[in-house]
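The values are calculated or read from the model by the stated rules, or taken from the named source; none is laboratory data. Computed from a prediction, not measured in an experiment: that's the story for all the values here. Neighbour counts are summed over all protein chains in view; Cβ atoms, including those assigned to glycine, are modelled from backbone coordinates with ideal geometry. When the accessible area is computed, the model is the full protein with side chains, heavy atoms only, and any ligands, DNA or RNA have been set aside. Shrake-Rupley method; radii C 1.70, N 1.55, O 1.52, S 1.80 Å.
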Amino acid sequence: MIHYVLLISRQGKVRLTKWYSPYTQKERSKVIRELSGMILSRGPKLCNFVEWRGFKVVYKRYASLYFCMCINQEDNELEVLEIIHHYVEILDRYFGSVCELDLIFNFHKAYYILDEVLIAGELQESSKKTVARLVATQDSLVEAAKEEANSISNIIAQATK
C-alpha cells in the first residue's frame, strides 16, 4: 500500500502531496522536511529506494522534480517505480512534456490525474488511454459549466440593465 505521494522540486519545494494514511499536520511537515532533505542529498548514481522509519521510500527524478512514494516494507519497489513512471507518462501525455510550471499552475489537474491512477494507496487504473479519456471528459464538463455560468451571468447582466 502506498502511504503517501510527494512531488518535490530540486530546491526542496513541495509541489504535490497526497496522503493515504492518517498523519497529523505536524507529522506531515516533519515527514516532508526529513524526506526532502534525505532524497535531495543523495547522489544520482545511488538506488531509488530508501528504508526509512520502518517503511520504504521509492523515488525517481524526472527533470527538476522528484516523485516519491512511501510503501510498506514487504511491498514491491519495482512495481512502485512503474506506478511513478505510469503517472509521469500520463502527465506527459496530458500536458505535452510536463514541467514543474505545469504542476504549479494546473495542480488541480495533477491531483485529478493522480486520483484516477491511485485510489486509497492502490493502483486503480493501469490504462493510459482510459485515464486520458476520463480526464478529457472532465475537461469538457468543466468547459460546459464555464459556458453555462457565462451565459447565466450575461442573462442576469442584461436583465438588470
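Kindly establish whether F55 is hydrophobic (A, V, I, L, M, F, W, C), open to solvent by 30 Å² or more (accessible area, probe 1.4 Å) and in contact with a helix residue (DSSP H, G or I) (Cβ under 9 Å, 6 or more places away or on another chain). Against the criterion (hydrophobic (A, V, I, L, M, F, W, C), open to solvent by 30 Å² or more (accessible area, probe 1.4 Å) and in contact with a helix residue (DSSP H, G or I) (Cβ under 9 Å, 6 or more places away or on another chain)), F55 does not qualify.
For first residues located in the range 130-143 and more than 18 Å from Y87 (Cα to Cα) and aromatic (F, W, Y), partners that are open to solvent by 50 Å² or more (accessible area, probe 1.4 Å) and modelled with pLDDT of 90 or more and lie 6+ apart or on another chain with Cβ distances below 7 Å do not occur. If you go through the range 82-127 and keep only what is within 21 Å of H3 (Cβ to Cβ) and not in a helix (DSSP H, G or I), you end up with L118, I119, A120, G121, E122, L123, Q124, E125, S126.
For the range 82-91, filtering for residues that are open to solvent by 60 Å² or more (accessible area, probe 1.4 Å) and out of contact with any helix residue (DSSP H, G or I) (no Cβ under 7 Å at 6 or more places or on another chain) leaves 2.
Yes or no: the range 55-78 includes at least one residue that is at positive phi, basic (K, R) and more than 15 Å from the chain's Cα centre (by Cα).
Pass one, the range 55-78, residues at positive phi: 63.
Restricting the remaining residues to those that are basic (K, R) gives none.
Checking the range 55-78: not a single residue is at positive phi, basic (K, R) and more than 15 Å from the chain's Cα centre (by Cα).
Going through (1) open to solvent by 70 Å² or more (accessible area, probe 1.4 Å); (2) farther than 20 Å from R10 by Cβ; (3) in contact with a Leu (Cβ under 8 Å, 6 or more places away or on another chain) one by one, Y94 falls short only on (3). In the range 11-35, the residue that is nearest to Y62 (Cα to Cα) out of those that are open to solvent by less than 60 Å² (accessible area, probe 1.4 Å) and in a loop (DSSP other than H, G, I, E, B) is G12. Taking the numbered list (1) assigned to a strand (DSSP E or B); (2) surrounded by fewer than 14 Cβ atoms within 10 Å (Cβ to Cβ) in turn, E79 passes all entries but (1).
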